[in-house]
1. Give me the orientation-averaged projected area of the Cα convex hull of region 1-51, in nm², one decimal.
2. With an 8 Å cut-off on Cα pairs and a minimum separation of 6 or more residues, tell me the relative contact order of the chain in percent.
3. Report the residue, chosen from 126, 115, 76, that carries the largest GNM mean-square fluctuation when the chain is represented by alpha-carbon nodes joined by springs under 10 Å.
4. Of (i) 23.7, 72; (ii) 14.6, 49; (iii) 19.3, 72, which is the value of Rg and Dmax of the Cα atoms in Å derived from the coordinates here?
5. Most mobile of 63, 131, 27 per a Gaussian network model of the chain (Cα springs, under 10 Å)?
6. Calculated from DSSP H runs of 4 or more alone, at -39500 (n - 2.57) each and per residue, what is the 222 nm mean residue ellipticity of the chain, nearest 500?
7. Specify the angular offset, from 0 to 90 degrees and rounded to the nearest 10, of the alpha carbon long axis of helix 14-26 from the longest principal axis of the alpha carbons in the chain.
8. Report the FRET efficiency, 1/(1 + (r/R0)^6), for residue 40 and residue 68, where r is their Cβ-Cβ distance and R0 is 30 Å, rounded to 0.05.
């Protein structure tokens with residue numbers, strides 16, 4: 001069963017590890033394909049990542065849960081989903097109240113047509129890239 005997740009994965013931390021671990025469990029230990037958002041894509045909706053794409057990719061590739069890392073661009077998500085044909089797209093519950101579909105330029109109907117189930121996994125509370133950056137800026141870390 002092919003499992004895919006997508007994201008920035010900047011300042012790789014325990015929450016990222018938990019997400020990948022959960023993806024791996026859903027895949028019955030076969031690992032996860034990560035669609036890694038490019039620097040340009042991230043800068044469109046957030047601040048520029050602390051680490052450039054090539055560094056974030058290398059870090060993800062070192063995870064035992066990750067089978068491959070592919071580029072994710074603002075308008076490339078749909079093509080990647082069609083090409084990869086995953087069974088499951090995994091997203092953290094922090095996206096439940098945000099418009100994940102809009103950001104990825106897809107609809108629930110698109111996923112249904114492609115036979116992809118969207119699965120939300122628990123967000124790891126108490127850690128985030130934003131909180132790490134804020135802690136560094138405030139001198140707390």
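1. Numbers: hull surface 14.5 nm².
Answer in nm², one decimal: 3.6.
2. This gives 29 percent for the chain.
3. 126
4. Working out Rg and Dmax of the Cα atoms in Å from the coordinates points to (ii).
5. Answer for the Gaussian network model of the chain: 131.
6. -11000 deg cm²/dmol
7. With rounding to tens, the tilt is 20 degrees.
8. 0.90
Readers should treat all values here as calculations from the given coordinates under stated rules, not as data from a laboratory. All figures in this text were calculated on a predicted structure; none of them were measured in a lab. Cβ atoms come from the backbone with ideal geometry, glycine included; neighbour counts cover every protein chain shown.
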